[in-house]
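The structure under discussion appears below in the form of structure tokens.
The values are calculated or read from the model by the stated rules, or taken from the named source; none is laboratory data. Model, not experiment: these values are computed from the prediction. Every residue, glycine among them, receives a Cβ derived from its backbone with ideal geometry; neighbour counts consider all protein chains shown. Calculation scope for accessible area: heavy atoms of the full protein, side chains included, ligands and nucleic acids excluded. Shrake-Rupley method; radii C 1.70, N 1.55, O 1.52, S 1.80 Å.
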Amino acid sequence: MPLQELDEHQLKQLAAAQVGRTAVLFTTPLCGTCKVAERMLEIVEAAGSDYPLYKTNINFTPRLRDDWQIESVPCLVLLKNGKVISKEYAMRSVDYLYSLMKSSN
């Protein structure tokens, strides 16, 4: 199942709601590596991630990009109660991402 895409306003609302754990994948439409990362995260989600997973187009999230200091795409941002706890730029494997999203506090 495809990851739900949120815009900047929706992501800011999600962060402000402090809903616990959340993961956001920053991508661009023409990035091949981003497509691979998205597919890997779809598998993680299907396997039972502890994090709700979302994606966003970095081109349309300039404030969050700056606030969260996103340096490149793909970038997986892990949030806890609206605060960035981790940023992953290397999507090593499905197993790595699954473990990351099962063990992170």
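Take the stretch 35-51 and flag every residue that is part of a helix (DSSP H, G or I), in contact with a helix residue (DSSP H, G or I) (Cβ under 8 Å, 6 or more places away or on another chain) and farther than 22 Å from LYS12 by Cβ.
Taking the stretch 35-51 and keeping what is part of a helix (DSSP H, G or I), we get 35-47.
Those left that are additionally in contact with a helix residue (DSSP H, G or I) (Cβ under 8 Å, 6 or more places away or on another chain): 40-41, 43-44, 47.
Scanning the stretch 35-51 gives MET40, ILE43, VAL44, ALA47.
Which residue is most open to solvent (accessible area, probe 1.4 Å), if the candidates are limited to the stretch 1-34 and must be touching an Asp or Glu at 6+ places or on another chain (Cβ under 7 Å), assigned to a loop (DSSP other than H, G, I, E, B) and more than 17 Å from MET101 (Cα to Cα)? Talk me through it step by step, then tell me what you get.
Residues of the stretch 1-34 that are touching an Asp or Glu at 6+ places or on another chain (Cβ under 7 Å), as a first pass: 1-3, 21, 25, 27.
Filter once more, keeping what is assigned to a loop (DSSP other than H, G, I, E, B): 1-3.
Among the residues that remain, those that are also more than 17 Å from MET101 (Cα to Cα) are: 1-2.
Details: MET1: 177, PRO2: 95 Å².
Across the stretch 1-34, the extreme among qualifying residues is MET1.
Which of the residues that make up the stretch 44-67 are in contact (Cβ under 8 Å) with a residue 12 or more places away in the chain and more than 14 Å from the chain's Cα centre (by Cα)?
So the first thing to find is which residues in the stretch 44-67 are in contact (Cβ under 8 Å) with a residue 12 or more places away in the chain, and the list is 44-47, 49-65.
If the condition is that a residue be in contact (Cβ under 8 Å) with a residue 12 or more places away in the chain and more than 14 Å from the chain's Cα centre (by Cα), then ALA46, ALA47, ASN59, PHE60, PRO62, ARG63 are the ones that fit.
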